[in-house]
Amino acid sequence: MSEVSLEHVTKRFDSTVAVNDVSIDIDDGEVMGIVGPSGCGKTTALRLVAGFETPTEGTIRYDSDDVTHVPPENRNVGLVFQSYALFNNMSVLKNVTFGPKMHGVGKDERRERAHELLELLDIEELADRNPKTLSGGQQQRVGLARALAIEPHILLLDEPMTGLDAKLKQTLRQELGQLLDDLGVTTLYVTHDQEQAMSMCDRIAVMNEGHLEQIGTPAEIYEEPANEFVAGFIGTANLLDGTVRDGTLSLGFEDVRTPDRVTTDGDVTVLVRPDDIPVGSGPVEVEVTNLFYQGEHIQATGELPDGRELTLRLNRSETAIGVGDTVSIDFEPESLHIIEST
Ligand code: ADP
Ligand code: MG
């Protein structure tokens, strides 16, 4: 068993509240992501879990043990940071056996463990190389092998893909996601890149200005964001003002069908994702104001008749659409997600 929990953890640096009353339970073998904009407290949260920082308030537990005041060297954490911090004066193999050596693991056992990990990560042939002769992706794997070699209670990754090119990031995202799954190691994965977190993590904690805004599976966070911040940070969001009267939602358009079950009356904010808006037919007219080519699809911004702005996603087959054109769209009841006004 290897669970990790933060219980009402707050960390202050003078007047800055870097982490503000955050509670997260990471299950055994789970890959938990922390995402949020720069400066929201992700790294501080990770450093608190590792023991490099002590909370101002709150408790950190490994399984049921209170480790709040246990120094990092006694916590058995595997760390992978943005700068790989590999030892360039040692071979890849020595980099990987270093941690176990420090922990008093015998020579044969630590070499065997290292070779197993290098094989698992598909870098066995690099064992005798010097890390500085390796590509970014290879170095990242060595960093991971080194972190895993101590059989950590928790694996902590902080922006591990920073500095890698976009194509490599995409490949590694798939590979690393699969690998973390296969390893079954309890993992905390910190990134400002919501796409990385969405594709690699079992659950995601979304932070903003030190606060935990929402915690849930990638699907839950995408489909049912708790508030406007989460809706806007995870994916592209259209947020429209709506009104609920007698259980019926109105977005202010004629002939737009709305969800059947709406609970409380009042003003609401409605989330609709661009990829959930069918373009080509429907009761609402949008004038296209901008087009952004994004490779596999085209993102368009447009203006509704009442002047509100809307983001749409067009397929490559819709390249005939130009700025200034008017397109018909529809809102489907099942893609309208009501976010209670806060
Ligand atoms: P993130 O990793 O999400 O970018 P950080 O956890 O690094 O955010 O920082 C959160 C906030 O705490 C920032 O305002 C940052 O300036 C502040 N902070 C982090 N570490 C320290 C420190 N050692 N001393 C003072 N302020 C800090
Ligand atoms: Mg950081």
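The values are calculated or read from the model by the stated rules, or taken from the named source; none is laboratory data. Keep in mind it's a predicted model, so treat the numbers as computed, not measured. Quick reminder, even Gly has a Cβ in these numbers, built from the backbone with ideal geometry, and neighbours come from all protein chains shown. We work out accessible area using only protein heavy atoms, side chains counted, and drop any ligands, DNA or RNA first. Shrake-Rupley method; radii C 1.70, N 1.55, O 1.52, S 1.80 Å.
For residues that are assigned to a loop (DSSP other than H, G, I, E, B), of a type in the set (S, T, N, Q) and in contact (Cβ under 8 Å) with a residue 24 or more places away in the chain, scanning just segment 317-342, find the one that is surrounded by the fewest Cβ atoms within 10 Å (Cβ to Cβ). In this case the residue turns out to be T342. Within segment 193-209, residues that are closer than 7 Å to V35 by Cβ have Cβ atoms under 9 Å from residues that are among the hydrophobic types (A, V, I, L, M, F, W, C) and open to solvent by 30 Å² or more (accessible area, probe 1.4 Å) in these pairs: Q194/F233; I204/M198; I204/I215; V206/L212; V206/I215; V206/A226; V206/F229; V206/F233, counting only partners at least 6 apart in sequence or on another chain. Taken as a whole, segment 165-183 holds no residue that is on the phi < 0 side of the Ramachandran plot and either in contact with an Asp or Glu (Cβ under 7 Å, 6 or more places away or on another chain) or part of a strand (DSSP E or B) (or both).
Here the condition is being in contact (Cβ under 8 Å) with a residue 24 or more places away in the chain and farther than 17 Å from C201 by Cβ; of D14, D27, D63, it holds for D63 alone. Of note, E159 does not satisfy the criterion of being at pLDDT 85 or above, at positive phi and more than 16 Å from ligand 1 (Cβ to nearest atom).
A Cβ distance below 6 Å, combined with a sequence gap of six or more or placement on separate chains, defines the contacts here; from segment 153-178, residues that are within 11 Å of S199 (Cβ to Cβ) reach residues that are outside any helix (DSSP H, G or I) and within 15 Å of ligand 1 (Cβ to nearest atom) in the pairs K169/M161. The residues on offer are K94, K42, and the sole one that is among the charged types (D, E, K, R) and under 21 Å from T162 (Cα atoms) is K42. Condition check for E209 on (1) more than 29 Å from K167 (Cα to Cα); (2) touching a Ser or Thr at 6+ places or on another chain (Cβ under 9 Å): one failure, at (2). Sort out for me the helices (runs of 4 or more DSSP H) sitting completely within segment 190-282 that have 2 or more residues that are within 16 Å of ligand 1 (Cβ to nearest atom) and surrounded by 19 or more Cβ atoms within 10 Å (Cβ to Cβ). Counting at least 2 such residues, we get 194-200, 228-233.
Are there strands (runs of 3 or more DSSP E) fully within segment 1-84 with at least 3 residues that are in the same structural domain as D182 (by TED's automatic domain parsing), within 18 Å of the chain's Cα centre (by Cα) and within 15 Å of ligand 1 (Cβ to nearest atom)? List them. Break it down into steps so the answer makes sense when it comes.
Numbers: elements: 4-13, 16-26, 31-35, 57-62, 77-80.
Strands (runs of 3 or more DSSP E) meeting the threshold: 16-26, 31-35.
Would you confirm, using the coordinates I've provided, whether I150 is touching a Gly at 6+ places or on another chain (Cβ under 6 Å) and open to solvent by 10 Å² or more (accessible area, probe 1.4 Å)? Judged against the criteria, I150 is a match. Could you please let me know if E287 is in contact with a Ser or Thr (Cβ under 7 Å, 6 or more places away or on another chain) and either open to solvent by less than 70 Å² (accessible area, probe 1.4 Å) or not small (G, A, S) (or both)? Against the criterion (in contact with a Ser or Thr (Cβ under 7 Å, 6 or more places away or on another chain) and either open to solvent by less than 70 Å² (accessible area, probe 1.4 Å) or not small (G, A, S) (or both)), E287 qualifies. Summed over segment 1-27, the residues that are open to solvent by 60 Å² or more (accessible area, probe 1.4 Å) and not aliphatic (A, V, I, L, M) give a count of 11. Within segment 291-316, residues that are under 15 Å from D275 (Cα atoms) reach partners that are aromatic (F, W, Y) with beta carbons closer than 7 Å, at six or more positions or on different chains, in the pairs I298/F292; Q299/F292.
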